[in-house]
Amino acid sequence: MAGVENIINEILQEAKGQADEILAKAGSDAAAAQEAAAKDGEKLRQKYSDKADRDVKDYASRIQSQIGLRRRQSILSVKQDIISDVIKKAYEKLNAQDDQSYFDMILKMLSGVIQSADGLISFSEKDLQRLPAGFAGKLQQAAKAAGGDLKISDKAADIESGFVLSYGGIDENCSLKSIFDANLNDLQDEVHRALW
């Protein structure tokens, strides 16, 4: 998984740079809006009496609140877009790995879900066509080490990447998309912590 972490770290560094630029621009835009609102408020305070002065202060306070709210909403929206983009790029990089790295990752993923029973593993059509020589033997070794047996299905699973594991008629979807979807909140939190 060190390769996955390196990929994610590269993406996080790139995204952090982009995030810093976007946040700096958002801060500059918010400062300009605050400055314009302050100037408007100053003109009103000079024009009216004490009551008008209180009204202006209330107005300026509401404007500042609205600016603060809009700025926070804008920053939150930008952060969410960046986080989504980082996760999407991580997913794409995992799918685009060379065959050796990809199938090494599959073996590591399998070690966390393999059972001590007879099972069937299904791959996508693309993965079935690029299975490396000797991979079936590696799967069999992993299954035997767990006290089971595992055969590769010759029927393609309707997934993009990863695998579907079947034991006793119960399927476990271990496609990368399924894993990313199931862990989306944790991934978003992790990317957020890494960037900010």
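The values are calculated or read from the model by the stated rules, or taken from the named source; none is laboratory data. Quick caveat: nothing in here was measured; it's all calculated off a predicted structure. Please note: Cβ atoms are built from the backbone with ideal geometry, for glycine as well, and neighbour counts cover all protein chains shown.
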Task: Any pair with Cβ under 6 angstrom, 6 or more apart, that starts in the range 53-74 at a residue that is within 13 Å of A38 (Cβ to Cβ) and ends at one that is at pLDDT below 90 and not charged (D, E, K, R) - done: V56/G41; V56/L44; A60/G41; I63/A37; I67/A33; I67/Q34
Open item on the list: Could you tell me how many of the residues in the range 110-134 are of a type outside the set (K, R), assigned to a helix (DSSP H, G or I) and either surrounded by fewer than 18 Cβ atoms within 10 Å (Cβ to Cβ) or touching a His at 6+ places or on another chain (Cβ under 9 Å) (or both)?
Closed with: 4
TODO: Might you let me know whether the range 141-150 holds any residue that is in a strand (DSSP E or B), touching a strand residue (DSSP E or B) at 6+ places or on another chain (Cβ under 7 Å) and either more than 17 Å from L176 (Cα to Cα) or of a type in the set (K, R) (or both)?
DONE: yes
